[in-house]
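For reference, the structure discussed in these notes is given below.
The values are calculated or read from the model by the stated rules, or taken from the named source; none is laboratory data. Worth saying up front: this structure is predicted, and the values here are computed from it rather than measured. Cβ atoms come from the backbone with ideal geometry, glycine included; neighbour counts cover every protein chain shown. Accessible surface areas use protein heavy atoms only, side chains included; no ligands, DNA or RNA. Shrake-Rupley method; radii C 1.70, N 1.55, O 1.52, S 1.80 Å.
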Amino acid sequence: MSLLALDDVGKNFGGLVVVKNLSFTVEAGQRVALIGPNGAGKSTVFNLITGVYPLTSGRVLFDGVDITHLPMRRRIGLGVARSFQNIRLMGHLSVVENIMLGQQPKAGGLAALLTPYRLMPRHRWIEEARAALDEAGLGAYADLSVDSLPYGVRKRVDLLRAVVANPKMLLLDEPAAGLNERETEDLHDALMAIAAKGVTLVVVEHDMHFVDRLCERVVVINFGEKIAEGTMAEVRASPLVREAYLGGDATVGAGHA
Amino acid sequence: MSGYGEAILVMLAINIVVALAGYLPLAAGQLNLGIAGFMAVGGYTSAYLTSAYHLPMGVGMAAGAAAAGLLGLLVAVPVLRTSGIYLALATFALGQVIQAAFLNIEAVGAAAGYPVKPYAGFTVVLSVAFGVLVAVLLLSRTRFALLLTATKNDPLVTELFGVDVRAIRVAAFSLGALIAGIGGALYAHHYSYLEPQNFNIMLSVYIALYVLLGGTQTVAGPIVGAAFFTLLPELLRAGSHWRFVIFAVLIILVMAVRPEGLITGALARRLRFGKRREAAS
Ligand SMILES: Nc1ncnc2c1ncn2[C@@H]1O[C@H](COP(=O)(O)OP(=O)(O)OP(=O)(O)O)[C@@H](O)[C@H]1O
Ligand SMILES: [Mg+2]
């Protein structure tokens, strides 16, 4: 049984068809890329999987459960976490507190909500959040407000916040966008380490070299429809893919990698 | 202490309580422009129960707080369907409706007003206000407070991390209403007379200003805001009849220079950091 299965999924915004007859599966432990030209509907697919938008048609199954109509707040409990194309950290919270939001799904009920942890020396939550930051090499930023951080660091905090939630599957929307070479390299290593712990990765990314190195399988969509699927080499060979990217800004067909 | 000093402190204490009432929903990003209405519910409930049923003042105040909180809970669900300017309008209207209702309830004197029996003196008012302040400070050290800020920052992402954002908003709104009820009860028993006009829209606007001017990111914000609004007019009193103009200009200046309020989270963090660094060196 696949970890994630999209079954004939469709999404319209008013009269605009953004996702159409889309089916694909992701096996547990896999690293899969979802690629396509600008406006192909990749972010929308993430929004459908996480419940940000309701589906127009079709079903989404996760871990054997039909989550098509599940409220979005219940999905992280099943193991679905994501990052956003435009980093969405909480600007009024410090870095540690942002990480603590990632702990929320496993933080417990009302008693946990009303525990004045900030008055308790070395409370487990803070210690765990700091340890996670230290492990990611972000310890020095722990007490700063996120707005003061450089872009690359914000992206790492954003990723860590999702990882701290202990997801089974991570949906990453353009994790390498805006990063320099060094940072992209570090991101690759970080994601490989996360995957090594058994986390399934689904990555939307325009950097084809990055995708090629990270992902075992690629799903290509254009105008919301799947046009190819397979290894990077297979996908590159597809005439449909070459056509979709012709004149586009990304360069799968041209073999930019 | 002089009678004047005590009077100012009582005013400050009540203003801090109602500022905290406005702060809780604002911490989750929601402006309640009907705080005066919830104060009225708390004040009249306590006054009525203590006069008509001779209940002790403490019981009356608790009942007043509960009544205001319950009303908050009941209206939160429909009212919080709206947001932004519409939420402000809805709560504004709610405050007006409550005031109009008390203008027509004969049992509590309607337009003629209602004398309130048990008197809450300086010590009682300050103790209760202190209790409220401690409770809110405790709350501000919890995960609930973290989620309030997260909800204000980005409700969608907060929801994606498993939080029932609507429940958080309803809780903040109702808790704020409950605290407003306490503020209203203190007002009633200290000034010993209630009139619906006491709880007009200007009061709600002022309370919102306390919080917005002080800052919505930390508990210090509403306290500083309430102090600013309570003490500054007194300090300016010696000046002249220009004091309201000076006061208004000061408000505009503060909002222009610090649009997020006098006290921001970043400022609080910097102050804390400074302390830590001093301690380390
Ligand atoms: N909430 C919305 N309402 C209306 N149209 C939308 C909405 N969200 C996305 N769209 C449209 O759906 C299409 C796909 O958008 P989407 O953001 O999913 O593309 P994408 O593949 O992620 O593109 P990019 O690579 O630029 O991020 C676009 O035409 C976009 O304008
Ligand atoms: Mg996108």
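Across the stretch A:70-84, computed HN-Hα scalar couplings (Karplus, 6.51 cos²θ - 1.76 cosθ + 1.60, θ = phi - 60°) run 6, x, 4, 5, 7, 6, 5, x, 7, x, 9, 10, 8, 10, 10 Hz from first to last residue, x flagging Gly and Pro. Hey, if you drop one equal point scatterer on each alpha-carbon of the stretch A:1-133 and run the Debye formula without solvent, what base-10 log of I(q)/I(0) do you get at q = 0.16 Å⁻¹? The Cα Debye sum returns log10 ratios of -0.94. With Cα atoms as the point set, the stretch B:3-200 shows a radius of gyration and Dmax of 16.8, 54 Å. For the protein assembly as shown, the Cα gyration tensor yields ellipsoid semi-axes of 53, 25, 20 Å (square root of five times each eigenvalue, largest first, whole Å). Considering helices alone, the calculated mean residue ellipticity of the protein assembly as shown at 222 nm is -17500 deg cm²/dmol, with DSSP H runs of length four and up weighted by -39500 (n - 2.57) and normalised per residue. Put simply, the C-alpha atoms of the stretch A:88-202 give a gyration tensor, and the ellipsoid matching it has half-axes of 25, 17, 12 Å, longest first.
Pairs of Lys residues in the protein assembly as shown, spaced 8 or more positions apart or belonging to different chains, with C-alpha separations under 29 angstrom: 27 in total.
Average accessible surface for the stretch B:3-142: 41 Å² per residue, computed with a 1.4 Å probe over protein heavy atoms with every protein chain in place. Peptide B:145-152 shows a mean partner chain C-beta count of 5 within 10 Å per residue C-beta.
Of interest is the spacing of the C-alpha centroids, which for the stretch B:1-78 and the stretch A:56-115 amounts to 36 Å.
If you wrap the tightest convex hull around every Cα atom of the stretch A:139-206 and split its volume per residue, you get 96 Å³. Give the relative contact order (percent, whole number) for chain A; include only Cα pairs under 8 Å separated by 6+ residues. So the answer I get is 27 percent.
Put a dot 7 Å past the Cα of B:R269, heading toward its Cβ, do the same for B:N200, and the two dots end up 4.3 nm apart. When the Debye formula is applied to the Cα atoms of the stretch A:11-81, each taken as the same point scatterer, what base-10 log of I(q)/I(0) results at q = 0.23, 0.27 Å⁻¹? One equal scatterer on each Cα of the stretch A:11-81 leads to -1.20, -1.49. Here the ratio of the Cα radius of gyration of the stretch A:65-113 to 2.2 N^0.38 Å is 1.34.
So if I take the centroid of the Cα atoms in the stretch B:163-181 and the same for the stretch B:116-154, what is the distance between those two points in Å? Result: 13 Å between the Cα centres. Measuring heavy-atom accessible area with a 1.4 angstrom probe and counting protein chains only, the residues of the stretch A:75-108 that give up at least 40 Å² relative to the chain alone are A:I76, A:R88, A:M90, A:H92, A:L93, A:L101, A:Q104. Projected onto its three principal axes, the C-alpha set of the stretch B:1-60 covers 40, 34, 15 Å, listed from the longest axis down.
Computed from backbone phi, the HN-Hα couplings of the stretch B:190-200 come to 7, 8, 6, 8, 10, 10, x, 4, 4, 10, 7 Hz, rounded to whole numbers (Karplus: 6.51 cos²θ - 1.76 cosθ + 1.60, θ = phi - 60°; Gly and Pro given as x). Just tell me, in residue order, which DSSP H segments of chain A are both 18 angstrom or longer along the helix axis (alpha-carbon based) and at least 0.0 in mean Kyte-Doolittle hydropathy. Those that pass (Cα extent of 18 Å or more, hydropathy at least 0.0) are A:151-164.
Convex hull volume of the Cα atoms of chain A, normalised per residue: 137 Å³. The H on the amide N of A:A228, modeled in the peptide plane, is under 5 Å from the matching H of A:V220, each at least 5 residues off or on a different chain. For the stretch B:3-200, the share of accessible area belonging to carbon and sulfur comes to 71 percent (1.4 Å probe, ligands and nucleic acids excluded). Between A and B, buried accessible area from a 1.4 angstrom probe totals roughly 3100 Å², ignoring ligands, DNA and RNA. Taking every C-alpha pair closer than 8 Å and separated by at least 6 residues, the mean separation divided by the residue count of chain B gives a relative contact order of 32 percent.
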